[in-house]
Amino acid sequence: MLIRKLFKFENAHIVRGCSTRRCSHSIHGHSYKVELLLEAHAFNNGQLVYDFGLLKTNVRDLIDAFDHAVALWSGDDPDYLDAMRRHSERWVLIPVSPSAEQFSRLFFRLVDSALSSTDMADGGADVRLHSVIVHETDTGYAQCFREDADNPRMGRIDLDAIEFAPTITAQWRDSDLFERLKRQAA
């Protein structure tokens, strides 16, 4: 059985190397929707696939980190990266271009790590992340499945290569959240 949880955030980016000049040369923003599809073949003690309340802490904090932030590709021009980090309190540095396709892979890695570190005291050990859909616009989205998340031909997404602005991590409920996820993934 699949269940779906929807999150929303506003974010700005540049997608270098894409076909359209507007997209590849000008910072612009989108109202993103992120759908998490969770899968299980048995119910937990509450006869649920997953208690959505468990997504209101670590998973929400990780996705909310991108809200009203600028997504920066670590392979971009160093002067641009320095300027954006100097002039914005909210930024996330990622090892892949911030396209919808790469966002879906990035969120898959982040959410999958967060879910695997969640205490399943309600007996829901069978649940796993099925896929992540990132809507960049009302008419376009990218969907990442497990086999896409770690596909080296699509670009490596190591958690160690992601950096959140200090302003973002200071707002997390668990200040050690990302460091713990990185240690777990190692």
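The values are calculated or read from the model by the stated rules, or taken from the named source; none is laboratory data. Fair warning: this is a prediction, and the values are worked out from it, not measured in the lab. Virtual Cβ from ideal backbone geometry, glycine too; neighbours counted across all protein chains shown.
When the stretch 136-186 is filtered for residues that are closer than 19 Å to V34 by Cβ, assigned to a helix (DSSP H, G or I) and of a type in the set (A, V, I, L, M), the ones remaining, listed by number, are A149, M154, L159, I168, L177, L181. Flag: K5 does not match the condition of being under 17 Å from the mean Cα position of the chain (by Cα) and free of Cβ contacts under 8 Å to residues at least 24 places away in the same chain.
Scanning the stretch 60-75 for residues that are buried (at least 16 other Cβ atoms within 10 Å of the Cβ) and either outside any helix (DSSP H, G or I) or among the polar types (S, T, N, Q) (or both) turns up A65, F66, A69, V70, A71, L72, W73.
Taking interchain pairs and intrachain pairs at least six residues apart, which have beta carbon atoms under 6 angstrom, with the first residue in the stretch 93-112 and closer than 7 Å to W73 by Cα and touching a residue at least 60 places away in the same chain (Cβ under 8 Å) and the second among the charged types (D, E, K, R) and not in a helix (DSSP H, G or I)? These pairs meet every condition: L93/E163. Which numbered condition in (1) under 16 Å from S104 (Cβ atoms); (2) small (G, A, S); (3) not in a strand (DSSP E or B) is the only one that S19 fails? The failed condition is (1).
Candidates are the residues of the stretch 10-30 that are in contact (Cβ under 8 Å) with a residue 60 or more places away in the chain and not β-branched (V, I, T); the one that is surrounded by the fewest Cβ atoms within 10 Å (Cβ to Cβ) is G17.
With respect to the stated conditions, R109 is within 22 Å of N151 (Cα to Cα), among the charged types (D, E, K, R), at pLDDT 95 or above and out of contact with any strand residue (DSSP E or B) (no Cβ under 6 Å at 6 or more places or on another chain). Within the stretch 64-89, residues that are at positive phi sit with their Cβ atoms under 8 Å from residues that are surrounded by 14 or more Cβ atoms within 10 Å (Cβ to Cβ), at 6+ positions apart or across chains, in these pairs: H68/F9; H68/N11; H68/R90. Checking each residue of the stretch 114-129 against the condition of being over 12 Å from the mean Cα position of the chain (by Cα), closer than 18 Å to R60 by Cα and surrounded by fewer than 13 Cβ atoms within 10 Å (Cβ to Cβ) gives at least one match.
In contact with a Phe, Trp or Tyr (Cβ under 8 Å, 6 or more places away or on another chain) and over 25 Å from G29 (Cβ atoms): which single residue out of L181, L129, L115, L177 fits that description?
Being in contact with a Phe, Trp or Tyr (Cβ under 8 Å, 6 or more places away or on another chain) and over 25 Å from G29 (Cβ atoms) holds for just one of L181, L129, L115, L177, which is L129.
Restricting to the stretch 32-59, name every residue that is surrounded by fewer than 16 Cβ atoms within 10 Å (Cβ to Cβ) and either within 12 Å of the chain's Cα centre (by Cα) or basic (K, R) (or both). Of everything in the stretch 32-59, just one residue is surrounded by fewer than 16 Cβ atoms within 10 Å (Cβ to Cβ) and either within 12 Å of the chain's Cα centre (by Cα) or basic (K, R) (or both), namely K56.
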